[in-house]
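Peer 1: Below is one structure. I have some questions about it.
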Amino acid sequence: MFWHLSENKIIRYSITVFYLFFILYIFYDLITNNIKYFNFQLFTLIDISSLILSAIWLNKIISSQFNITKKPLLWLLFSIFSGALYDVLLTQLSGKMALYFTNKWQDIFALNISPIFQIIKMSILAYAFYLARHQKFNSNKIPDLEQGR
């Protein structure tokens, strides 16, 4: 999605290279550490990149348009931004909470707070899709599935 939002070829190339290296690094980590010890901290990289890219495009939308609350892209990016921010904070703080407090706090976040946050995030995403239903789009870019027959 971020690749399609960008018009700058350097940013598009950077996004492509970063995600390809990320996928390769995941496979490298799986091979070297075995699936039993998969490193979930790897996903912090994706969360940080999603956080930065969504913040950049949120800033562009907020600073360049009027009546932005009716733009589905704003709500989609806000959902991505808030989800990535929550995931980064949770992965970075959960180890420290377990170190300084007890594992009970990790359970509270995993069983009580995270589901509520996910419901809120999915509600924002559903609102974005609801708004997108009423937007006009150009169907010329969509390939005709009946052509091949």
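The values are calculated or read from the model by the stated rules, or taken from the named source; none is laboratory data. As the structure is a computational prediction, the values presented were derived from the model and not from experiment. Methodologically, a virtual Cβ is constructed for each residue, glycine included, from the backbone with ideal geometry; neighbour enumeration extends over all protein chains shown. Areas reflect the complete protein model, heavy atoms only, side chains present, ligands, DNA and RNA absent. Shrake-Rupley method; radii C 1.70, N 1.55, O 1.52, S 1.80 Å.
Peer 1: List, please: which pairs have Cβ atoms under 7 Å, are six or more places apart or on different chains, and start with a residue in the stretch 72-95 that is open to solvent by 40 Å² or more (accessible area, probe 1.4 Å) and end with one that is assigned to a helix (DSSP H, G or I) and polar (S, T, N, Q)?
Peer 2: Going by the 7 Å Cβ cut-off, the qualifying pairs are ILE80/SER50; ILE80/SER54; PHE81/SER54; THR91/GLN41; THR91/THR44.
Peer 1: Taking the condition without any contact (Cβ under 8 Å) to a residue 40 or more places away in the chain, surrounded by 14 or more Cβ atoms within 10 Å (Cβ to Cβ) and of a type outside the set (Ser, Thr, Tyr), does ILE46 pass?
Peer 2: Here the answer is yes, as ILE46 does meet what is asked.
Peer 1: Please give the helices (runs of 4 or more DSSP H) falling wholly within the stretch 1-113 in which 2 or more residues are of a type in the set (Ser, Thr, Tyr) and under 21 Å from the mean Cα position of the chain (by Cα).
Peer 2: Per the criteria, 9-33, 43-64, 72-100.
Peer 1: Only one residue in PHE66, PHE129 is surrounded by fewer than 16 Cβ atoms within 10 Å (Cβ to Cβ), in contact with a helix residue (DSSP H, G or I) (Cβ under 9 Å, 6 or more places away or on another chain) and closer than 30 Å to GLU7 by Cβ, so which one is that?
Peer 2: Testing whether each residue is surrounded by fewer than 16 Cβ atoms within 10 Å (Cβ to Cβ), in contact with a helix residue (DSSP H, G or I) (Cβ under 9 Å, 6 or more places away or on another chain) and closer than 30 Å to GLU7 by Cβ leaves just PHE129.
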